[in-house]
Amino acid sequence: MKRSELSEFEFEEEGFKIKIKRGSAGLPVITSIPHSAHPFPSALPDASQSASKSTAAAAQPAPAGGDEAGFTYVKSPMVGTFYRSPSPENPPFVENGAKVEDKTVVCIIEAMKIMNEIQAETKGTVVEVLVENGQPVEYGQRLFKLKVN
């Protein structure tokens, strides 16, 4: 970016959006939606827990049809690790019953050591958190179930 004198770059394709801006110190800040915070490494589960939980998650089939009437899902825009809060000491961004707007940050997905804040992108109420903290997620995986307002 520095060599090309770019200060901002944005890319969007099939529901995936990434935005890269040069920060005030000239260092790149990369986000999938807005500017990001990051959890501490101690928030990561140990490998044995992660393997057993990800195997269990993979065994659950995705619902056959589309979204249920009156509900929508916040889906992962990338492959990475799901975090409900910016750090282990902080409360989750959202809980069941929380009202969200399109710009409300609902979680962080860590991808390649970069923390990406994920926004709800719709107005609604959180009905269910579908992923456990610290779990790996796939592109397009459902993260939150929302009741549309």
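The values are calculated or read from the model by the stated rules, or taken from the named source; none is laboratory data. Worth saying up front: this structure is predicted, and the values here are computed from it rather than measured. Positions of Cβ are backbone-derived with ideal geometry, glycine not excepted, and every protein chain shown enters the neighbour counts. Side chains included, ligands, DNA and RNA excluded: accessible areas come from the protein's heavy atoms. Shrake-Rupley method; radii C 1.70, N 1.55, O 1.52, S 1.80 Å.
Side notes on the structure shown:
- Count of residues meeting criterion [more than 8 Å from the chain's Cα centre (by Cα) and crowded, with 20+ Cβ neighbours inside 10 Å] in the range 82-103: 5
- Apart from one condition, THR122 fits all of (1) touching a Phe, Trp or Tyr at 6+ places or on another chain (Cβ under 9 Å); (2) open to solvent by 20 Å² or more (accessible area, probe 1.4 Å); (3) closer than 17 Å to GLY15 by Cβ; (4) not acidic (Asp, Glu); the exception is (1).
- Matching entry among GLY65, GLY70 (being modelled with pLDDT of 50 or more, closer than 26 Å to ASN149 by Cβ and over 19 Å from the mean Cα position of the chain (by Cα)): GLY70
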